[in-house]
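Please read the structure below before turning to the comments.
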Amino acid sequence: MLDEQDSLMQLENFEEDLKICARCGFCKNVCPTYLYSDGFEAFSPRGRLHFLREYAAGREKMSASWVDRLYRCTSCERCMEVCQTSIPLVPLWEAARARAVREGKGPMPAHVRLRNAVAKTGNPYDEPLEKQRGWMQQEHKPAEHADMLVFGGCTASYRIPAMLRTGVSILQRQGIPYMYLGGKEHCCGSPLLRTGQKDIAAEVIAHNIDLINEAGVKQVVTPCGGCSKTLKHDYLLWAKRMGKPWTVEVLHFSEIYARLIKEGKLVPTKAINKTVTYHDPCHVGRAQGLFEEPRVIMAAIPGLKLVEMPHHGKDSRCCGAGGGVKSNYPELADHIAQDRVQEAADTGADVLATIVRAALWGQ
Ligand code: SF4
Ligand code: SF4
């Protein structure tokens, strides 16, 4: 069992952060969920922060309405990007959700279903582990031992296999040896961590850390933005918390594609004569700083013309799906997504690309 005090991830560890809010409201103006709250301050990052300050001081209770507001956050990190006092707002929201879970007030119903599926099958889609290798094709021949391990992730393994096939085919054709432990991987823990379900997150994280450490690899690569963010950032903290080593370099597949293109080893030849605008996913862009890589890939494709949306790079707007919002508040997620799609349409581009789709060009 985890030691509650031995953690960087408990609400108590944010005591100083709660005090330094300048109440400027910069965060309010960029928050996609506040935009759909009819101007109700309690749905803004500043409002949530005010609640947590009052809660920490014992003047507020974790009421159902406050818990609902805490869960109406996509973890897009736009508030963190503009916060003038550099408060780690998203880790704070996650710690607050974990507290709500501990008090029996969270998570939301859709998140409980996800938890039950992970507890039963190791993945949020409730798919049998035997299906995890189902994306593989004849040309995919993982090595018994290699420095690089491919971590498929649940979405790519069970729902969007092209994400994995593309990346692994490129490794294969580039002669880069890789291991693959399909059939043994569990969910990376991202949807559990984002929704405050740290006990079950700890189980899958411990399983994956042990699995990867036992493989003895130096690098782990994944096609999923959520997995790469979690393995890069969260696993570092959790491994330390659990007293396990975690020294592997974690990469998103786009980092490998961009590197191979820069080295002249990967040269796209098939022209895409289209004007393309690119959506920086929050968990790939702001969370991992991978802004250049997708643009390097697109710049290398003959005929492709990139036109940027007004909000791009660090200032990219959210798609509405993250943080468990899409599963529990689909209407809110749709509103946010429609805004983003409209911004893309207003550029006049033929294609709206994002990192998952960017991975498809190699097929
Ligand atoms: S992470 Fe995004 S949705 Fe959540 S409070 Fe910050 S700006 Fe709003
Ligand atoms: S941007 Fe930062 S300092 Fe300003 S109100 Fe929001 S949380 Fe407080």
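The values are calculated or read from the model by the stated rules, or taken from the named source; none is laboratory data. Since we're looking at a predicted model, the values are computed, not measured. With ideal geometry, Cβ positions are generated from the backbone for all residues, glycine too; neighbour counts draw on all protein chains shown. Only protein heavy atoms, including side chains, enter the accessible area calculation; ligands, DNA and RNA are left aside. Shrake-Rupley method; radii C 1.70, N 1.55, O 1.52, S 1.80 Å.
Overview of results
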read-out	value
Which listed residue, of 337, 321, is part of a helix (DSSP H, G or I) and either without any contact (Cβ under 8 Å) to a residue 24 or more places away in the chain or open to solvent by 10 Å² or more (accessible area, probe 1.4 Å) (or both)	337
Scan of region 68-86 for residues that are small (Gly, Ala, Ser) and within 6 Å of ligand 1 (Cβ to nearest atom), ordered by number	75
Filter result for the condition that a residue is open to solvent by 10 Å² or more (accessible area, probe 1.4 Å) and either in the same structural domain as residue 22 (by TED's automatic domain parsing) or touching a Lys or Arg at 6+ places or on another chain (Cβ under 7 Å) (or both), over 74, 85	85
Filtered residues of region 113-127 (kept if part of a helix (DSSP H, G or I) and crowded, with 21+ Cβ neighbours inside 10 Å)	114, 118
Looking only at region 147-166, and only at residues there that are farther than 13 Å from residue 133 by Cβ and hydroxyl-bearing (Ser, Thr, Tyr), the one that is surrounded by the most Cβ atoms within 10 Å (Cβ to Cβ)	155
Residues satisfying the stated conditions in region 68-97, i.e. assigned to a helix (DSSP H, G or I), within 13 Å of ligand 2 (Cβ to nearest atom) and free of Cβ contacts under 8 Å to residues at least 40 places away in the same chain	90
Filter result (open to solvent by less than 40 Å² (accessible area, probe 1.4 Å) and out of contact with any helix residue (DSSP H, G or I) (no Cβ under 8 Å at 6 or more places or on another chain)) within region 290-315	301, 307, 313
Lone qualifier among 231, 211, 236 - being in contact with a Phe, Trp or Tyr (Cβ under 9 Å, 6 or more places away or on another chain) and open to solvent by 20 Å² or more (accessible area, probe 1.4 Å)	236
Breaking point among (1) within 20 Å of residue 255 (Cα to Cα); (2) assigned to a helix (DSSP H, G or I); (3) open to solvent by less than 30 Å² (accessible area, probe 1.4 Å), for residue 110	(1)
